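Peer 1: First, the structure itself, so that you have it in front of you.
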Amino acid sequence: MSEILTRLATAQHKAEVLVEALPWIREFSGQTFVIKYGGNAMVSENLKAAFAQDIVFLHHMGIKVVVVHGGGPQINAMLQRVGIESEFRGGLRVTTHDAMDVVRMVLTGKVQRELVSLINEDAPYAVGLSGEDAGMLRAKRRKAIVDGAPVDIGHVGDVVEVDPVAITDLLDSRRIPVVSTVAIDVASPREVLNVNADTAASAIAAALGARKLIMLTDVEGLYLNWPDKSSLVDEISAADLRALLPTLDSGMAPKMEAALRAVDRGVGQAHVIDGRMAHSMLLEVFTDSGIGTQVTWEGSKA
């Protein structure tokens, strides 16, 4: 095949992809997506760049995008650097006052700034926010369960209230809010708590009445019978997921619980997708086949 014919074939394929995406672009334009950024997408330079490109693409398609991020690996590295030992109880990080200062600094001062800068390489769309800003996220302290008994783990909380005004103001101004998951302690408003990014994203999606919650992770999606790779499910109803939750391992359970909570609270669909694949969000949103696992109220594609 000549060089010209090769270029034409490539261009034709691109045109076919655009045509396939058109119904989804038409359907989702003007809708709100909340995207939880995490996993390998946060540590690979290539995946970071691809994620930022995806966010800008969604923005230009008329979708109102909100990015919510955590930063576990970065927090671990900084705690080690400053000589604070990382301790976990019942699978949860023990967060002392000194450790909380590091968490706050890393999430809002490092991870968020890097992500905002990446998105803004194209144009100045992204604006960083902390859950503290304008009282956006309010949380109550939680305890870990160790050997059946509650154990104090310090400045760690569960989101109990979301005030989305700061986010909606930015969306109305055609900005992309980038939210770090630090929340105000409802019992002591001068204190802040570290909250799980999956559950924070779920709460924000519900408060905004989002069309989609998309959570990037380090697996292909939900397996009904892990580690059997053939048990990967591309779609599951809220009712079926509710029955399955008690059988899930400690790594996947919080993500699927957050997905279920979002759908229960009116979010159109929740997706758990593989953040190790470049442009995985676009594959999920704008292709007929999609990737990952979609959770819906009735289990029907939308």
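Peer 1: Which ranges mark the strands (runs of 3 or more DSSP E) fully within region 154-228 that have 1 or more residues being crowded, with 21+ Cβ neighbours inside 10 Å and out of contact with any Gly (no Cβ under 7 Å at 6 or more places or on another chain)?
Peer 2: The strands (runs of 3 or more DSSP E) meeting that bar are 176-180, 192-195, 212-217.
Peer 1: Pairs please, first residue from region 271-286 and over 10 Å from Gly221 (Cβ atoms) and in contact (Cβ under 8 Å) with a residue 40 or more places away in the chain, second anywhere and assigned to a strand (DSSP E or B) and of a type in the set (D, E, K, R), Cβ atoms under 7 Å, 6+ apart in sequence or on different chains.
Peer 2: These pairs meet every condition: Ser280/Asp274.
Peer 1: How many residues, within region 18-39, are in contact with a Gly (Cβ under 6 Å, 6 or more places away or on another chain) and more than 19 Å from Met61 (Cα to Cα)?
Peer 2: Number satisfying all stated conditions: 2.
Peer 1: If you don't mind, there's one more thing I want to ask. Which members of region 229-259 meet the condition of being outside any helix (DSSP H, G or I) and of a type outside the set (A, V, I, L, M, F, W, C)?
Peer 2: Asp234, Glu235, Ser237, Asp249, Ser250, Gly251
Peer 1: Out of the residues in region 9-61 that are touching a Phe, Trp or Tyr at 6+ places or on another chain (Cβ under 9 Å) and among the small types (Gly, Ala, Ser), state the one that is farthest from Gly221 (Cα to Cα).
Peer 2: That would be Ala21.
Peer 1: If you check Pro150 against the conditions, is it outside any loop (DSSP other than H, G, I, E, B) and surrounded by fewer than 17 Cβ atoms within 10 Å (Cβ to Cβ)?
Peer 2: When the stated conditions are applied, Pro150 passes them.
Peer 1: Still on this structure: In region 134-164, which residues are acidic (Asp, Glu) and farther than 18 Å from Ser202 by Cα?
Peer 2: Passing the criteria: Asp147, Asp152.
Peer 1: Here's a follow-up. List the helices (runs of 4 or more DSSP H) that sit entirely inside region 43-144 and contain at least 1 residues that are within 26 Å of Asp172 (Cα to Cα) and charged (D, E, K, R).
Peer 2: 45-60, 112-119
Peer 1: Out of all the residues in region 18-62, which are touching a strand residue (DSSP E or B) at 6+ places or on another chain (Cβ under 9 Å) and more than 28 Å from Gly251 (Cα to Cα)?
Peer 2: Within region 18-62, Phe28, Gly30, Gln31, Val56, Leu58, His59 qualify.
Each value in this text was obtained by applying a stated rule to the coordinates, not by laboratory testing. This is a predicted model, so every value here is computed, not measured. Here Cβ is always computed from backbone atoms with ideal geometry, including for glycine, and neighbour counts include all displayed protein chains.
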